[in-house]
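Participant: Structure incoming, see below.
Nothing in this text is a laboratory measurement; each read-out follows from the coordinates by a stated rule. Remember, predicted model here, so these are calculated numbers, not experimental data. As a convention, Cβ positions derive from the backbone with ideal geometry for all residues, glycine included, and neighbour counts pool all protein chains shown.
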């Protein structure tokens, strides 16, 4: 597993994904013991924003 450094993109952060990668989006929540893991197969980029807190890939 590798953590990618985001690229600031206005009011959100963006991660560009190499097509050879098989990305997973892993989110941790306060008060929740286990993180949520989502397989983002075929995604070209992932995004995260603070208000409201959210993350998505496309």
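Participant: Could you list 29, 24 in order of exposure, starting from the residue whose Cβ has the fewest other Cβ atoms within 10 Å?
Facilitator: Going from least to most buried by this count: 29, 24.
Participant: Still on this structure, please answer the following. Quick check on the exposure proxy: order 25, 4 from fewest to most C-beta atoms within 10 angstrom.
Facilitator: Fewest-to-most Cβ neighbours within 10 Å comes out as 4, 25.
Participant: Right, here's the next one. I need two numbers for the chain: Rg to one decimal and Dmax as a whole number, Cα atoms only, in Å.
Facilitator: That works out to 11.8, 34 Å for Rg and Dmax.
Participant: Now a separate question. Neighbour counts of other C-beta atoms within 10 Å: give me 17, 26 arranged from fewest to most.
Facilitator: In order of increasing Cβ crowding within 10 Å: 26, 17.
Participant: Something else about it: For the chain, modelled as a Gaussian network with Cα springs under 10 Å, which listed residue fluctuates most, 44, 33, 11?
Facilitator: Of 44, 33, 11, the Gaussian network model singles out 33 as fluctuating most.
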